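Enquirer: The structure's right below; bear with me while I get my questions together.
What follows draws every value from the coordinates through simple rules; no lab data is involved. All values reported here derive from a predicted model rather than from experimental measurement. Every residue, glycine among them, receives a Cβ derived from its backbone with ideal geometry; neighbour counts consider all protein chains shown.
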Amino acid sequence: MTDMKYTRLGNSGLVVSRMSLGTMTFTHGSDWIPGVAKVDLQHAQQMVDLALDRGVNFFDSADGYSNGEAEDILGKALKGKRDQAVICTKLGFRQSDRITDAGLSRSHIIASVEGSLRRFGTEWIDLLVLHKTDFTTPLQETLSTLQNLIDAGKIRQIGVSNWPAWQLARAIQFQRDNGMQQFIAGQYLYNAVGRDIEVDVLKLGKEMGVGLMAWSPLAGGLLTGKYDPADLEKGEGRLTEGNFLQVSPEQATATLNALNAAAEEHSATTAQIAQAWILNKRRDHTVILGASKISQLESGIAAANISLSEAEMDSINAAAAPARRYPEWFDDMMTDEQFTKALS
């Protein structure tokens, strides 16, 4: 028995570990993002075995990771252990120069799922996630195709990644109105400095049964403490090639100070506290661990058992809170005090 913690993913009966092993680093040698994809089959096997041994049953991949090589490696690493794993993979990004080889059309979804099944060497995908939006394909076509694949037993649950809240809400309502299986997972950029989704996506998820799979929980390495927030180009890692977070140096510094204080209190690393913060925010949150070394994976798995105090959470929460936008601030300002008092 392990100390790993689990949750039901969104509005479903799918039980997953709150830490998921991401496979973006797995490759057979493709030149796809060389600074990220650098874990070969041998080392991937060690990571998968360690993850399973520590109670991690949730594995995340995508057909676009190293041109499908990550899926192939994960399938090989799970050979003989398929029943122990919950496999999530994603589709939607362009796979070739052929005009139809991208998006969320019926033909591309079916072709992508068949390709993923073949690379994994499995008969089903536990969770299929739409990696991006596609506003050129009618939503009904995308959703009906997913339902057909569910009915055929090729996929069991579905989710989205990087979708705006309004589009996700529209899709779920269509699914409910038409007796379809609804999206139960949302894979989004979320960390202690990148918190845009708190404004709408997370609120929608709570109301409509969509669990979070947080990607980039360490903000591209910023929350490990290895970067100077005022000059990211001096570091070594993804952020030296471009600050996709667009976070101010002041907020980054304040967040790191709060994380460091909690890390000292728990005899943990800054990175572990950053990961634990996401899990402590809400019970249905899961974190995707992207590792290129066994030590990074071990550290991330251990973070699942860190319980932060209310004061520690408040301190981290205050450091980089997203700006309040209209009509959010208007709703709060115009709250009916008489109703609030009477119904509290």
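Enquirer: Per-residue HN-Hα couplings for region 185-190, Karplus 6.51 cos²θ - 1.76 cosθ + 1.60 at θ = phi - 60°, whole Hz, x for Gly and Pro?
Expert: 3J(HN,Hα) across region 185-190, in whole Hz: 9, x, 9, 9, 4, 7.
Enquirer: Considering only Leu256, Leu74, Leu139, give the residue with the highest GNM mean-square fluctuation for the chain, with springs between Cα atoms whenever their separation is below 10 Å.
Expert: Leu139
Enquirer: Could you give each residue of region 79-84 its phi-based ³J(HN,Hα) in whole Hz, using Karplus coefficients 6.51, -1.76, 1.60 with θ = phi - 60°, and x for Gly or Pro?
Expert: So the Karplus estimates, Gly and Pro as x, are 4, x, 10, 4, 6, 8 Hz.
Enquirer: Take the Cα atoms of region 41-136, build their convex hull, and give its volume per residue in Å³. Present the calculation step by step, with values, prior to reporting the outcome.
Expert: Values: hull volume 8.6 nm³, N = 96.
Dividing the Cα hull volume of region 41-136 by its residue count gives 90 Å³.
Enquirer: Still on this structure, please answer the following. Please report the antiparallel percentage of DSSP beta bridges with both residues in region 6-343, rounded to the nearest 5. Provide the component values of the computation, followed by the final result.
Expert: Values: 4 of 35 bridges.
Of those bridges, close to 10 percent are antiparallel.
Enquirer: Sticking with this one: Using DSSP to define loop residues, name the chymotrypsin sites (Phe, Trp or Tyr not before Pro) in region 36-86 whose beta-carbon has at most 16 other beta-carbon atoms within 10 Å.
Expert: none
Enquirer: Hey, another quick one. Of the candidates Asp151, Asp331, Asp63, which one comes out as most mobile in a Gaussian network treatment of the chain with C-alpha springs shorter than 10 Å?
Expert: Highest fluctuation of the listed residues: Asp331.
Enquirer: From the P(r) of region 79-219, could you give the percentage of C-alpha pairs in the tail past 19 Å?
Expert: 52 percent
Enquirer: Right, something else. Just to be sure I understand: with springs between alpha-carbon atoms less than 10 Å apart, which residue in Gln275, Gln173, Gln147 has the highest mean-square fluctuation in the Gaussian network model of the chain?
Expert: Comparing Gln275, Gln173, Gln147 in the GNM, the peak value goes to Gln173.
Enquirer: With +1 on each Lys and Arg Cβ and -1 on each Asp and Glu Cβ, and nothing else charged, work out how big the dipole of region 150-303 is about its Cα centre, in Debye to the nearest 20. Can you show the working numbers first?
Expert: On the way: 14 positive and 16 negative charges, 123 e Å.
Dipole size: approximately 600 debye.
Enquirer: Suppose every Lys and Arg Cβ carries +1 and every Asp and Glu Cβ carries -1, with no other charges. What dipole size does the chain come out with about its Cα centre, to the nearest 20 debye?
Expert: With Lys and Arg at +1 and Asp and Glu at -1, about 820 debye.
Enquirer: Also, I was wondering about something else. Just want the ordering: Thr335, Thr137, Thr23, from fewest to most Cβ atoms lying within 10 Å of their own Cβ.
Expert: On the way: Thr335 8, Thr137 17, Thr23 30.
Exposure proxy ranking, most exposed first: Thr335, Thr137, Thr23.
Enquirer: Another question, if that's okay. Note the listed values (1) 82, 44, 35; (2) 55, 46, 39; (3) 53, 48, 43, then indicate which one is Cα extents along the principal axes in Å calculated from this particular structure.
Expert: Label (3) holds the value from this structure.
Enquirer: Here is a follow-up. Roughly speaking, what is the stretch gain from Lys203 to Asn305, that is 0.36 nm per residue apart minus the C-alpha to C-alpha distance, in nm to one decimal?
Expert: Gain on stretching Lys203 to Asn305: 34.2 nm.
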